[in-house]
1. Which whole-number percentage describes the relative contact order of the chain, with Cα contacts under 8 Å and a sequence gap of 6 or more?
2. If you add up the charges near Leu250, with Lys and Arg at +1 and Asp and Glu at -1, over every other residue whose beta carbon is less than 14 angstrom from its beta carbon, what do you get?
3. Need the C-alpha centroid separation for segment 53-67 versus segment 316-353, integer Å.
4. Taking a threshold of 19 Å on the Cα-Cα distance, which of the pairs Lys73/Lys218; Lys44/Lys218; Lys48/Lys72 fall above it?
5. Roughly what % of Cα-Cα distances in segment 59-150 sit above 19 Å, to the whole percent?
6. About its Cα centre, what dipole magnitude does the chain give when the only charges are +1 on Lys and Arg Cβ and -1 on Asp and Glu Cβ, stated in debye to the nearest 20?
7. Subtracting the Cα-Cα distance from 0.36 nm times the residue separation, let me have the gained length for Asp269 to Asn350 in nm, one decimal.
8. Non-local amide H neighbours of Tyr35 (under 5 Å, H modeled in plane, Pro and chain starts lacking H): which ones?
Amino acid sequence: MKTALPLLLVLISFNFTVAQSKYKFSYAEPESKGYSSNKLEILKDHLKQSGSSSMLILVDGDIIFEWETTSKKHLVHSIRKALLNSLYGIAIERKQIDTLTSLKELGINDLDPKLSDKELEAKVSDLLKSRSGIYHNAAAVNNAMLKDRPDRETYKPGEHYYYNNWDFNTLGAILEQQTGESIYTLFLNEIAKPLGMHDYLGNYVVIDLELEDTERPKTDGYYQYERSLSKFPAYHFRMSARDLALYGQLYLNYGNWNGKQIIPKEWIDTSTKPYSIYNPKYGSAYGMLWRVRVPNEKTIKNSFYHTGLGVHMLGIYPDNNMVMVHRVDTEGDFKYNEGDFYKMLGLLFNSRDDK
């Protein structure tokens, strides 16, 4: 895997991108898009009281709701998986990656205890669906993940869904191995520049979380190693609400931007299918690097989204032609709770004039 450059060199390398063309957002009155300004004021009051950092709602590509500083960059946490989705779609179309290739064929393995012959049969597609059957230690794993993690070789590749940071981290390494580029450089050149993102400049560093006095950097990205657990780092992103909204709009546009097909339409359809239903009561499923709403009889095109730390969210709702971004400053002490998150969603969807 390509090693990141020292911070100073990375910052120098990307200073020339500051003058790139920025996307010009357009605004619309909520009522013109079928939403109530009064109900959105109630949402605004809730955001103030609950400890949100910012929120942005686009309908038909126009901003109908913008709260607080949407240019401020925060860690996206697990939304990083959705950001990797686009780069995989592009690499697959360019035949740099074949999703039916096995880990053995790619020469992928990890620290002792190394992967077994059965685990090495896992294909790229299994990792994309978080169904690899590989329950090796990994970077950036929390206690909830560890509590639910099966024992090694409990399931065959493709047989069982488990939200698995080993799969996600290894996908990042495979992408870099097959393209010869850093994830952050790929995202800058393939996504951020074409969309005219305002705040993402592609600077990144490497940290080892197991070293003393390691601080999480304020760069746009950083590789987080935990070298006693795995050879594959987690790849973290820091992004603003407005840049995430542009990313969501790209998916709402079916991968097309100003007449150019950036992400293959077929890949968006394939990766937003509900492959693993993990919460039947609420119709929640996992696709490929996206969480997916299970369609019902009223669905024209199913919605998809990703959350981060249970409080950040990027949501794409094709039937409403809407993109939603919600952010919380989780890089210091914060008190935002899950109940407020779900109340925020309820207020958003009840803000339509027909509700």
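1. Dividing the mean separation by the residue count of the chain yields 24 percent.
2. Local net charge: +2.
3. A separation of 11 Å, based on Cα centres.
4. Beyond 19 Å: Lys44/Lys218.
5. Percent of Cα pairs beyond 19 Å in segment 59-150: 60.
6. 540 debye
7. Between Asp269 and Asn350, full extension yields 26.4 nm more.
8. Correct list: Asp353.
All of the numbers you see were taken from the coordinates with simple rules; none came from a lab. Keep in mind the model is a prediction, meaning the values are calculated, not measured. Cβ atoms come from the backbone with ideal geometry, glycine included; neighbour counts cover every protein chain shown.
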